[in-house]
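This report refers to the structure that appears directly beneath it.
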Protein chains: 2
Amino acid sequence: MSAYQIVLASASPRRRELLSQIGLTFCVRPSKKEERVESARPEKIVQELSAQKAEDIFAQVSQEAGRHLVIGADTIVVYDGQIMGKPKDEEDACRMLFLLQGKSHQVYTGVTGIWQEDSALPPERFTFYECTDVSFFPMSDAEIAAYVATGEPMDKAGAYGIQGRCAAHIAGIRGDYNNVVGLPVGRLYQQLREKGLL
Amino acid sequence: MSAYQIVLASASPRRRELLSQIGLTFCVRPSKKEERVESARPEKIVQELSAQKAEDIFAQVSQEAGRHLVIGADTIVVYDGQIMGKPKDEEDACRMLFLLQGKSHQVYTGVTGIWQEDSALPPERFTFYECTDVSFFPMSDAEIAAYVATGEPMDKAGAYGIQGRCAAHIAGIRGDYNNVVGLPVGRLYQQLREKGLL
């Protein structure tokens, strides 16, 4: 489908599933670089982190034969100005869910693509972000505890997986659903097509 | 989890997956009754059809031992006043996608629950509907043809699966995502909890 070997610079199984869902063939090379953020605004943070991950892996694959397109992504949850990454422990997960239940919050994902048409040419890049509003139904303390006990929240920004059991507690969204899962594949596909990468 | 044996009166594998996703245990007994609609308004049609399916299966299971809760659902896609069910053939699928691409439309799902606390008491019921707005990116004729060739559209109202390859062409939604997949499990879970059925 693509003249490029697509490389996903992320360890997230959800991002892998989403790229497969839209029919792309790719390999996975998670960036292990330490994340450093200069920005304070959510849309800047996710774009900056997605670019760091993509740059890190692009520097590695560009040494190898073939034409590569590296895709990096980063997702955060923002409620009332507070940025939520992955919970530290179960208590932290309960705290986050207690804040999110019964209200709306935002999910930001930043995406960066880096590719090089020819080794004689400089690499090209795009970076964008998507923001989705998510509304939770109210949750009782018992429901929060039961949900955290499933283990599902522990590796997820904001301590929930919209694509998992938490679906029972979601009233609705405004924006791209897959952006909440971790990768806005609609916008990404459009971007790749526009740049002639598919 | 429930004092009732939950019975899903639908053959849809997507509805089955969604009920499993929120952790419910249930069995499947699709209604084979011919659908008859009296209403013309989308929200009435889906509620009416969900009730017919649930009533059909409830009449069967209520003869059997145990306490049953039957869930019926029906989904339609509406664009500019036109109601779209499943496409008749590939040409029909292309026609529907050509209408939907580059614009917004509505997806309606009606849900009915029927249960009986005790065989001495009359059965109880709830029926509700959810509506979600879905926006498509523009699609070229080649993209429509390629998507139809995957076979994915053929068993789906409106000729697309938001949870499948079509994700590449979805700009965003407003409302419940799972309602578009075929069952608004968030609202359904809240309803079951409210009625003391969980």
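The values are calculated or read from the model by the stated rules, or taken from the named source; none is laboratory data. Computed from a prediction, not measured in an experiment: that's the story for all the values here. Reconstructed Cβ throughout: ideal geometry from the backbone, glycine too, with neighbour counts over all protein chains shown. Side chains are part of the model used for accessible areas, which takes the heavy atoms of the whole protein and leaves out ligands, DNA and RNA. Shrake-Rupley method; radii C 1.70, N 1.55, O 1.52, S 1.80 Å.
How long, wide and thick is the protein assembly as shown, going by the Cα atoms along their three principal axes, in whole angstroms, largest first?
Between the extreme Cα coordinates on each principal axis of the protein assembly as shown lie 80, 54, 30 Å.
Need the list of lysines near B:Lys53 for cross-linking: C-alpha distance under 28 angstrom, and skip anything on the same chain fewer than eight residues off.
Excluding near neighbours in sequence, the set is B:Lys32, B:Lys33, B:Lys44, B:Lys86, B:Lys88, B:Lys156, B:Lys195.
How far is it, in nm, from the label point at A:Ser20 to the one at A:Glu124 when both lie 7 Å from their Cα along the line to the Cβ?
3.0 nm
Sorted by packing (mean other beta-carbon atoms within 10 Å per residue), highest first, where do A:21-33, B:124-136 land?
Sorting A:21-33, B:124-136 by mean packing, highest first, produces B:124-136, A:21-33.
Taking 50 Å² as the minimum loss, tell me which residues in the range A:5-51 lose that much accessible area going from the chain by itself to the full protein complex (1.4 Å probe).
Buried on complex formation: A:Gln21.
If I compute solvent accessible area with a 1.4 Å probe over the protein chains, what percent of it on the protein assembly as shown is carbon and sulfur?
Percent of accessible area from carbon and sulfur atoms in the protein assembly as shown: 47.
Across the residues of A:185-194, average count of Cβ atoms on other protein chains within 10 Å?
Partner Cβ neighbours, averaged per residue: 4.
When the expected Rg is taken as 2.2 N^0.38 Å, what fraction or multiple of it is the alpha-carbon Rg of chain B? Don't skip to the end; give the middle numbers.
Working: Rg = 17.5 Å, N = 198, 2.2 N^0.38 = 16.4 Å.
Chain B yields a ratio of 1.06.
Peptide B:175-183: average number of partner chain Cβ atoms within 10 Å per residue?
On the way: counts 5, 7, 11, 7, 1, 1, 2, 0, 1.
Mean partner shielding for this stretch: 4.
Scan around B:Leu69 for amide H atoms under 5 Å from its own, H built in the peptide plane at 1.01 Å from N, and keep only partners 5 or more places away or cross-chain.
Excluding prolines and chain starts, which carry no amide H, the hits are B:Gln5, B:Ile6, B:Val7.
How high is the relative contact order of the range B:1-87, in percent, with contacts defined as C-alpha pairs under 8 Å that are six or more residues apart?
This gives 34 percent for the range B:1-87.
Peptide A:161-169: average number of partner chain Cβ atoms within 10 Å per residue? Intermediate values should be presented prior to the final figure.
Working: counts 1, 3, 4, 3, 6, 3, 14, 14, 5.
Mean inter-chain Cβ contacts per residue within 10 Å come to 6.
Per residue, what accessible area does the protein assembly as shown have, given a 1.4 Å probe and all protein chains present, in Å²?
For the protein assembly as shown, the solvent-accessible area averages 44 Å² per residue.
Along the range B:105-118, what does the Karplus equation 6.51 cos²θ - 1.76 cosθ + 1.60 (θ = phi - 60°) give for ³J(HN,Hα), rounded to whole Hz, x for Gly and Pro?
9, 10, 10, 10, 10, x, 9, 10, x, 10, 8, 9, 5, 8
Compute for chains B and A the buried accessible surface, both sides summed, probe 1.4 Å, and express it in Å² to the nearest 100.
2200 Å²
Determine ³J(HN,Hα), in whole Hz, for all residues of the range B:182-198 in sequence, where each value follows from phi through the Karplus function 6.51 cos²θ - 1.76 cosθ + 1.60 and θ = phi - 60°; x replaces Gly and Pro.
Ordered by residue, 3J(HN,Hα) equals x, 7, x, 5, x, 4, 4, 4, 4, 5, 5, 5, 4, 7, x, 8, 10 Hz.
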